[in-house]
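Asker: Questions regarding the structure given below will be posed in turn.
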Amino acid sequence: MPEFIPVIGKDEIQRQLSRTAKAISTDYKGRELVLIGVLKGAFLFLADLVRQINLENIKIDFIQASSYGADTISSEKIVLKKDIDIDIRGKDVLLVEDIVDTGLTLTHLIRHLQNFGPKSVKVCAMVDKSERRETAITVDYACVAVQEGFLVGYGLDYAEDYRNLPEIYHLKL
């Protein structure tokens, strides 16, 4: 039976999300911003985040990549499952992730998006987890930093389970 150890509660998620949305709103004031959510994990975070960003020109798209499958350790083989549909040439792009762990998937996605000629590509993550970081990736906007643990809830999953939990937990199998 899995054990769920609380890491980030609902109130803290909302506080940090509001702080992050305010920073994004300030930094992109007067500019068009394309938010690209990384499926499937970022969909809850992106939905809550975009409703708190105070900008007039926001577009939303999704991209999907996989490196975990049904394991708790990245396979390091990144597979692009869904590409973007919006033209991002000359636009500011904010790649929205649920969690940045090794950084390998995110590095792959940033390189991929840069091929479309955006003005800029920055990263926003609900969780910046440095325990297993393998690349020098910059997380421009992070709601929370967590040092270690396999996390589930608020979009984060283990083999497609536990995304629906309203808080973030460390999963002990």
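Values quoted throughout were computed directly from the atomic coordinates according to the rules given, and no laboratory measurement underlies them. As the structure is a prediction and not an experimental result, all values here were calculated from the model. No Cβ is skipped: glycine too gets one built from the backbone with ideal geometry, and neighbour counts run over all protein chains shown.
Asker: Calculate how many DSSP beta bridges within the chain are antiparallel, expressed in % of all such bridges and rounded to the nearest 5.
Answerer: Antiparallel bridges: around 30 percent, rounded to the nearest 5.
Asker: Right, something else. In nm, to one decimal, how far is the S18 label point from the Q114 one, both placed 7 Å along Cα→Cβ?
Answerer: 3.7 nm
Asker: Just to confirm a number: summing +1 for Lys and Arg and -1 for Asp and Glu over residues other than I84 whose beta-carbon lies under 13 angstrom from that of I84, what do you get?
Answerer: Numbers: positive: K59, K81, K82, R89, K91; negative: D61, D83, D85, D87.
The answer is +1.
Asker: So how tilted is helix 10-27 from the main axis of the chain? Cα-based, degrees 0 to 90, rounded to 10.
Answerer: 20 degrees
Asker: Arrange E97, E131, E32 by Cβ neighbour counts within 10 Å, fewest through most, would you?
Answerer: Numbers: E97 25, E131 11, E32 14.
Least crowded to most crowded, the residues run E131, E32, E97.
Asker: Moving on to the next point. So which of K81/K129; K10/K119; K59/K172; K29/K77 end up more than 29 Å apart, counting from Cα to Cα?
Answerer: Violating the 29 Å Cα-Cα cut-off are K10/K119; K59/K172; K29/K77.
Asker: Would you list, by chain and number, the lysines whose Cα falls below 17 Å from the Cα of K82, excluding same-chain residues fewer than 8 positions away?
Answerer: K40
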